[in-house]
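See below for the structure under consideration.
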Amino acid sequence: MENGQKQKLSLTEIINSAWSTFIKMLEYKCRQYGQIFLKVDPRRSSQTCSACGFVHPENRKGKSFCCLHCGYTDDADINAAKVILQRGLAILKSSTVGLAGSDACEENKANLQKKELKSAMC
Ligand SMILES: [Zn+2]
């Protein structure tokens, strides 16, 4: 900067920086405690039905979610959280990308395989 001029940050830059710091701290803590850390694409999660997967902007009306395809109803935020969970579980099942630490990765992969084996036996 010239002659001591301070750089002005926009509110968006400040928020993004704070969010980025939070994500880094969360990832660090997950590694520290051997927990799974995954980044999941949240796009259109509030418009996606957690029961049938149908996506439409009119599925969500304010705080309520009602699927135009199957009629599933729920709180909009709860439904979106279920969609995010489903997406995360799909990532875990398809690969080990995003697991925190190699030891945790192998341990979590083994635990996931045990759970799948148990559910397949029931
Ligand atoms: Zn549905």
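No lab work stands behind these numbers, since they all come straight from the coordinates. Bear in mind that the values here come from a model prediction, so they are computed numbers and not experimental data. We place every Cβ from the backbone using ideal geometry, glycine too, and count neighbours over all the protein chains shown.
Brief remarks follow.
- For GLU13, GLU27, order by how many other beta-carbon atoms lie within 10 Å, fewest first: GLU13, GLU27
- LEU26-GLN7 pseudo-label distance in nm [points 7 Å out on the Cα-to-Cβ vector]: 2.5 nm
- Taken over the stretch 46-100, the percentage of Cα pairs per 5 Å bin, counting from 0 up to the bin with the maximum distance, is 4, 23, 27, 17, 10, 9, 8, 1.
- Computed from backbone phi with θ = phi - 60° and the Karplus coefficients 6.51, -1.76 and 1.60, the 3J(HN,Hα) list for the stretch 56-71 is 7, x, 7, 4, 9, 10, x, 8, 9, 10, 9, 5, 6, 8, 10, x Hz; x is used for glycine and proline.
- The label point for TYR33 and the one for CYS70, both projected 7 Å from the Cα toward the Cβ, are 3.2 nm apart.
- Taking other residues whose beta carbon is less than 12 angstrom from the beta carbon of SER46, and scoring Lys, Arg as +1 and Asp, Glu as -1, yields +2.
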